[in-house]
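Take a look at the structure set out below.
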Amino acid sequence: MKMRVARQKAAVISAEQAAGFVRSGMWLDYGATLCQPDVFDQALAARAAELDNVKIRSCLSMRPRAVLEADPEGRHFSWFSLHFSGYDRRKHDAGRCSYMPLNLGEIPDYYRRFIDPVDIVILKTCRIDENGFFNFSAANLWHRAIIERAALVIVEVTDGNPYVLGDETGVHVSEVDYIIEGDNKPAAELPNPPPTDVDRAVGRLITAEIEDGACLQIGIGGMPNAVCSQLLESSASNLGVHTEMLTDGIIDLYNAGRLSGARKQVNPGVIGYTFALGSKTLYDALHRNSDFQCYPVDHTNLPHIIMQNDRVVSINNTTQIDLQGQAASESDGHRHISGTGGQLQFVRGAYASKGGKSFICLSSTYEKGGHRRSRIVLNLTAGNIVTTPRSDVMYVVTEYGMVNLKGKSVPERAIALISIAHPDFREELERQAYEHRLIPRGVYF
């Protein structure tokens, strides 16, 4: 681990003093998820009128950001997100947040090679431990790489976040310039809505494909979590986990004794992840628990590492897929919704794994403007971002079935995807496919 050398012994100061270091034109980094600072954010917001063009990088904001609330017109602060939460999405809708396109597992390399400068990084951490480290809690991600590049490192300490175990999970006091006292609020929770009938139907289809000893990556959302619920009712055993995000569904499998990790090649015997978001139950399970190991995102998400495990199963949502198999998972036209995240990297890593399988799942329809619409379409919505290219997509699953697109021609793909569309839309999709020569006349399978 590359250590950053602080210019002075870390001093305890107030949030107001820390915010006083910020100058117009600076680049700040708030880190991601549970590491985003709160009391510093409030202190900086109080200085809004004094500052111009302060740019802040962030990821998955779990609480409203004071700097944005104090500056609705964007005259003082600019917000850049590496992946949107619901709050970031609303700020994007209001013209106050911009997305940075990326693969999540590459972000440490971006900081080390391309992102410059980082004038100040401010991270919420656990209090200093017995070895002199401020633990990042359940948000390892790329925080080490930011610290290596930052001119000034400030930690905001809290008792509210779980202390996690793993590799490179914190910053040593010798690397820190200033320490401020946090508000000690409990870690922000991410609601986990109960699965719908559609979620359960998709979950059953995927669960039937999961073998003993499989290594799971579970994405965010109701459908991936429904797979965890269905696995509790299956006979699959000795499962492993090597994932980006740790969810409540994985904790349910852990508590049921389904996760041994004994057949993993990478980090055998432990549950590997790079960040966790969910309930207090999830955070309590992680606290100082050696069964869970939190790693930097370039360890969990890079395909050449993922593929070293056998029988990797990646399960991720999409919002729209066209008849050639392009999966658009992060936008609604030009309205950005979330981000690429690790979807593409896990799709590729799972496919390259011995016996691996990747699943892209979606409900067949959605409601918009009072009308039901198909998520399987001839053409993606204008402006929609392709998250997973057609050449990478393997299994596609809706409540009406599952198809494998690997090795399929364009006509075969179109026919397969139409077969799992909602019945009310199949005839029109087939007509469009013939009309636009995706299925040539006279071709039958």
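Each value in this text was obtained by applying a stated rule to the coordinates, not by laboratory testing. These numbers come from a predicted model, not from an experiment. Ideal geometry is used to build each Cβ from the backbone, glycine not excepted, and the neighbour counts take in all protein chains shown.
Taken over the alpha carbons of the range 8-69 as equal point scatterers, the Debye sum produces base-10 log I(q)/I(0) values at 0.28 Å⁻¹ of -1.35. Among 162-169, 187-194, sorting by the average number of other beta carbon atoms lying within 10 angstrom of each residue, highest first, gives 162-169, 187-194.
A simple packing score, the average count of other Cβ atoms within 10 Å per residue, orders the peptides 29-40, 291-302 as 29-40, 291-302, with the highest score first. Normalising by residue count, the chain has a Cα convex hull of 140 Å³ per residue. The count of lysine pairs in the range 197-435 that are at least 8 places apart or cross chains, and whose C-alpha atoms lie under 17 Å apart, stands at 5. Can you tally the net charge around LEU405? Count Lys and Arg as +1, Asp and Glu as -1, for every other residue whose Cβ sits under 12 Å from the Cβ of LEU405. Net of charged neighbours comes to +1. Once the Cα atoms are used to define both axes, helix 343-352 deviates from the longest principal axis of the chain by about 60 degrees. Taking the C-alpha atoms only, the angle from helix 410-419 to the longest principal axis of the chain is near 90 degrees.
If you sort the three axes of the alpha carbon gyration tensor as a ≥ b ≥ c, you get a/c of 1.5 or more for the range 51-208 and a/b no higher than b/c, which makes it oblate. Report, to the nearest 10°, how far helix 423-435 tilts away from the longest principal axis of the Cα atoms in the chain, using its own Cα long axis and a range of 0 to 90°. It is inclined by approximately 80 degrees. Between the range 1-69 and the range 305-380, the alpha-carbon centres lie 34 Å apart. Taken over the C-alpha atoms, the range 197-435 has Rg and Dmax values of 17.6, 60 angstrom.
Full extension of the chain segment joining ALA46 with SER419 gains 128.6 nm, where the gain is 0.36 nm per residue of separation less the Cα-Cα distance. For the peptides 90-103, 244-257, residues were scored by their other Cβ atoms within 10 Å and the scores averaged per peptide; the highest-first order is 244-257, 90-103.
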